[in-house]
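**Q** Here it is, the structure, as structure tokens.
The values are calculated or read from the model by the stated rules, or taken from the named source; none is laboratory data. Predicted model only: the values in this text are computed from it and were never measured. Positions of Cβ are backbone-derived with ideal geometry, glycine not excepted, and every protein chain shown enters the neighbour counts. Only protein heavy atoms, including side chains, enter the accessible area calculation; ligands, DNA and RNA are left aside. Shrake-Rupley method; radii C 1.70, N 1.55, O 1.52, S 1.80 Å.
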Amino acid sequence: MPSYKLVYFNGRGRAEVSRLLFAQAGVEYEDSRVTQEEFAAMKEDKSKLPFGQLPVLIVDSHPPLPQSHAIERYLAREFGMYGKSNYESTMIDLVAETMEEIAKPVFPMYMEKDAEKKAQMIEEYVEKTSVPFITPVEKHLGKNNEGKGYFVGETMTAADLYVFAVFEFLEEMMPQLLDKYPLIKDFVARMKKEPKIAAWLEKRPKGMF
């Protein structure tokens, strides 16, 4: 078994799907969390950060692998969670890209300091911005065992972890959102009860985006 080291900040962000993949696969790794100061010191060292960005994945003696989605797909392939056919792998990519579109507008809301403006931004997101993206996700889930199955195929794949990572955070930030999408809300609740996922949620640092 290779040795793995995942380097990122002390937050969920662009490393959480990879951490969930490690958790669900039951694979040990070093969860290295660096400060902004440590990141600044290593940023210009291309032997550590090829693109000057985090996260990076270090596998044995290989050069560090940058880019969060490339890391996720590398791990999903390694752990048998990237589908059983080219079609299923493409569907997983489709889900991942959709989650990116859903998550992209959220960071400015999360960072907004003005409470009134933040509330307005969240309302706009819940009622308008997110609807064209989340509605198809809900319908897609509904096609598999009436919404009680997985997003791609008959077993858990990276697609489920992409969805869970985004909507778990959105449920914390704006609980009213998932009230509009009962199948997704139930999916998030089911994923939280998966033994390996539940164990990870219990031990990970609390309250970090």
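**Q** Length gain on complete extension for the stretch residue 155 to residue 39, per 0.36 nm per residue less the alpha carbon to alpha carbon distance?
**A** Contour length minus Cα-Cα distance gives 38.0 nm.
**Q** Right, next: As a test of reading the structure, rank 94, 21 by solvent-accessible area (1.4 Å probe, protein chains only), most first.
**A** 94, 21
**Q** Looking at this model, which pairs from 84/192; 43/196; 104/128; 5/148 are more than 26 angstrom apart at the alpha-carbon?
**A** Distance filter (> 26 Å) returns 43/196; 5/148.
**Q** Where the accessible area of the range 5-134 is counted over protein heavy atoms with a 1.4 Å probe, how much of it, in %, is carbon and sulfur?
**A** Reported share for carbon and sulfur atoms: 53 percent.
**Q** Another one. Just the number please: accessible area per residue for the range 26-68, 1.4 Å probe, all protein chains included, in Å².
**A** 62
**Q** Roughly speaking, to the nearest percent, how much of the range 159-209's 1.4 Å accessible area is carbon and sulfur?
**A** 59
**Q** So, one more: For the chain, what is the calculated [θ] at 222 nm in deg cm²/dmol (nearest 500), taking -39500 (n - 2.57) for each run of four or more DSSP H residues and dividing by its residue count?
**A** -16500 deg cm²/dmol
**Q** Let me know the charge dipole size of the chain about its Cα centre in debye, to the nearest 20, where only the beta-carbon of Lys, Arg (+1) and Asp, Glu (-1) is charged.
**A** Value, rounded to 20: 240 debye.
**Q** I would also like to ask the following. Can you tell which of 125, 200, 166 lies farthest toward the positive end of the dipole of the range 89-209, using +1 and -1 charges on the Cβ of basic and acidic side chains (Lys, Arg; Asp, Glu)?
**A** Most positive-ward Cα: 200.
**Q** Just order 70-76, 41-47 by mean Cβ neighbour count inside 10 Å, highest at the front, would you?
**A** Final packing ranking: 70-76, 41-47.
**Q** Of 68, 135, 107, which is farthest along the charge dipole of the range 1-157 in the positive direction, counting Lys and Arg as +1 and Asp and Glu as -1 at C-beta?
**A** 68
**Q** For the chain, what are the DSSP H helices with axial Cα length of 18 Å or more and mean Kyte-Doolittle hydropathy of at least -1.0?
**A** Counting only whole DSSP H runs, the qualifying helices are 86-103, 158-173.
**Q** Another one. For the range 46-117, what does the convex hull of the Cα positions come to per residue, in cubic angstrom?
**A** Convex hull volume per residue, Cα atoms: 126 Å³.
**Q** Continuing with the same structure: Could you state the accessible area per residue of the range 111-209 in Å², with a 1.4 Å probe and every protein chain left in place?
**A** 54
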